[in-house]
């Protein structure tokens, strides 16, 4: 850390105070997957680790991420292998969909008066930090949800400079739709979980709600692309399997 501050900020932290603040470190939510195969609802798509919903609940303990990756990464690999072995024939591609995806990816290079993706990322980051940070209120997350809708048009109007070879701005332009989708889901989850639990603190609901301990808050994206509406619902948790209950009791 000493070398980072010296090289990047010119601050000697052995002699000067350094400014610090909380930031996003780990996403405990994620794509819903089958517990045994790590398969998503999209045929042929598997997810594990921080991408998947995970098993950490409201707060991941240090070091537990590695266990998650090892166990469910293996299940995802085996699930994907079994899926491939069960396929028959060759996959068919819809050329129209392929052409549309290529056109969408290259569209920012053809705009002259669009927005810089780095400006959008900065504004999105600052807005989420201000309204959906570690400690949030209902009014703040509602303001975030409303503001996030304005970002959709901005992301659709990105313009890029330079070429297609090693262009970090292009990478960011392709990432921003996903960043925006995750931000929308995070804000909606924070709005609907009217309690404080783990890494989620609602200043207007400082206590825990026993009923909310029995549900996950899930989100479904309508339509075939990231611009669709988002449906948010409470999903009841499944009961703990008997064999896992026995192990938990044994470990007490």
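The values are calculated or read from the model by the stated rules, or taken from the named source; none is laboratory data. In this text, all values refer to a predicted model and were calculated from it rather than measured experimentally. Every residue, glycine as well, gets a Cβ built from its backbone with ideal geometry; the counts of neighbours run over all protein chains shown.
Have a look at 169, 207, 162 and point out the one that is outside any helix (DSSP H, G or I), modelled with pLDDT of 95 or more and not assigned by TED's automatic domain parsing to the domain that holds residue 34. Step through it out loud before you land on a result.
Values: 169 fails: outside any helix (DSSP H, G or I); 162 fails: modelled with pLDDT of 95 or more.
Residue meeting the stated conditions: 207.
Could you grab me the full set of residues in the stretch 56-76 that are in contact (Cβ under 8 Å) with a residue 12 or more places away in the chain, closer than 13 Å to residue 36 by Cβ and out of contact with any strand residue (DSSP E or B) (no Cβ under 6 Å at 6 or more places or on another chain)? Give the steps one after another, and end with the answer.
First pass over the stretch 56-76, keeping only residues in contact (Cβ under 8 Å) with a residue 12 or more places away in the chain: 56-60, 65, 68-69, 72-73, 75-76.
Now narrow it down to the ones that are closer than 13 Å to residue 36 by Cβ: 72, 75-76.
Answer for the stretch 56-76, where residues must be in contact (Cβ under 8 Å) with a residue 12 or more places away in the chain, closer than 13 Å to residue 36 by Cβ and out of contact with any strand residue (DSSP E or B) (no Cβ under 6 Å at 6 or more places or on another chain): 72, 75.
Which of the residues belonging to the stretch 228-252 are touching a helix residue (DSSP H, G or I) at 6+ places or on another chain (Cβ under 8 Å) and modelled with pLDDT under 90? Don't jump to the end; show me each part of the working.
Kept after step one, since they are touching a helix residue (DSSP H, G or I) at 6+ places or on another chain (Cβ under 8 Å), are these residues of the stretch 228-252: 230, 232, 234, 236-237, 240.
Result: 240, single match.
Checking residue 160 against (1) within 25 Å of residue 130 (Cα to Cα); (2) touching a residue at least 24 places away in the same chain (Cβ under 8 Å), which single condition isn't satisfied?
Residue 160 satisfies every listed condition except (1).
Find all pairs meeting these conditions: Cβ atoms under 9 angstrom apart; at least six residues apart or on different chains; first residue within the stretch 103-126 and closer than 11 Å to residue 169 by Cα; second residue part of a strand (DSSP E or B) and at pLDDT 95 or above.
Pairs found: 108/158; 116/158; 117/158.
Residue 218 - would you say it is assigned to a loop (DSSP other than H, G, I, E, B) and surrounded by fewer than 18 Cβ atoms within 10 Å (Cβ to Cβ)?
Working: assigned to a loop (DSSP other than H, G, I, E, B): no; surrounded by fewer than 18 Cβ atoms within 10 Å (Cβ to Cβ): yes.
Answer is no for this residue.
Taking the stretch 4-36, which residues are exposed (fewer than 10 other Cβ atoms within 10 Å of the Cβ), at pLDDT 85 or above and touching a helix residue (DSSP H, G or I) at 6+ places or on another chain (Cβ under 9 Å)?
Of all residues in the stretch 4-36, those exposed (fewer than 10 other Cβ atoms within 10 Å of the Cβ) come to 7-8, 10, 14-15, 17, 19-23, 25.
Still in the list and also at pLDDT 85 or above: 7-8, 10, 14-15, 17.
Residue satisfying the conditions is 14 alone.
Just to be sure before I move on: is residue 178 assigned to a helix (DSSP H, G or I), outside the structural domain of residue 190 (by TED's automatic domain parsing), under 29 Å from residue 35 (Cβ atoms) and within 18 Å of the chain's Cα centre (by Cα) in the structure I sent?
On the way: assigned to a helix (DSSP H, G or I): yes; outside the structural domain of residue 190 (by TED's automatic domain parsing): no; under 29 Å from residue 35 (Cβ atoms): yes; within 18 Å of the chain's Cα centre (by Cα): yes.
No; evaluated as a whole, the condition is false for this residue.
Can you tell me which residue in the stretch 187-200 is surrounded by the fewest Cβ atoms within 10 Å (Cβ to Cβ), limited to those that are within 26 Å of residue 150 (Cα to Cα) and modelled with pLDDT of 95 or more?
Within the stretch 187-200, the first condition is being within 26 Å of residue 150 (Cα to Cα), and the residues that meet it are 187-194, 200.
Remaining after also requiring modelled with pLDDT of 95 or more: 187-194.
Numbers: 187: 26, 188: 19, 189: 18, 190: 24, 191: 19, 192: 16, 193: 20, 194: 12.
Going through the qualifying residues, I end up with 194.
Consider the stretch 88-124. How many of its residues are at pLDDT below 95 and touching a helix residue (DSSP H, G or I) at 6+ places or on another chain (Cβ under 6 Å)?
0
Residue 127 fails exactly one of the following numbered conditions: (1) surrounded by 11 or more Cβ atoms within 10 Å (Cβ to Cβ); (2) closer than 30 Å to residue 206 by Cβ; (3) out of contact with any helix residue (DSSP H, G or I) (no Cβ under 7 Å at 6 or more places or on another chain). What is the number of that condition?
Of the numbered conditions (1) surrounded by 11 or more Cβ atoms within 10 Å (Cβ to Cβ); (2) closer than 30 Å to residue 206 by Cβ; (3) out of contact with any helix residue (DSSP H, G or I) (no Cβ under 7 Å at 6 or more places or on another chain), the odd one out for residue 127 is (3).
In this structure, does residue 38 turn out to be in contact (Cβ under 8 Å) with a residue 12 or more places away in the chain and on the phi > 0 side of the Ramachandran plot?
Numbers: in contact (Cβ under 8 Å) with a residue 12 or more places away in the chain: yes; on the phi > 0 side of the Ramachandran plot: yes.
Spelling it out, residue 38 is indeed in contact (Cβ under 8 Å) with a residue 12 or more places away in the chain and on the phi > 0 side of the Ramachandran plot.
Of the conditions (1) surrounded by fewer than 10 Cβ atoms within 10 Å (Cβ to Cβ); (2) part of a loop (DSSP other than H, G, I, E, B), residue 226 clears all except one; give me its number.
Tallying (1) surrounded by fewer than 10 Cβ atoms within 10 Å (Cβ to Cβ); (2) part of a loop (DSSP other than H, G, I, E, B), residue 226 fails exactly one: (1).
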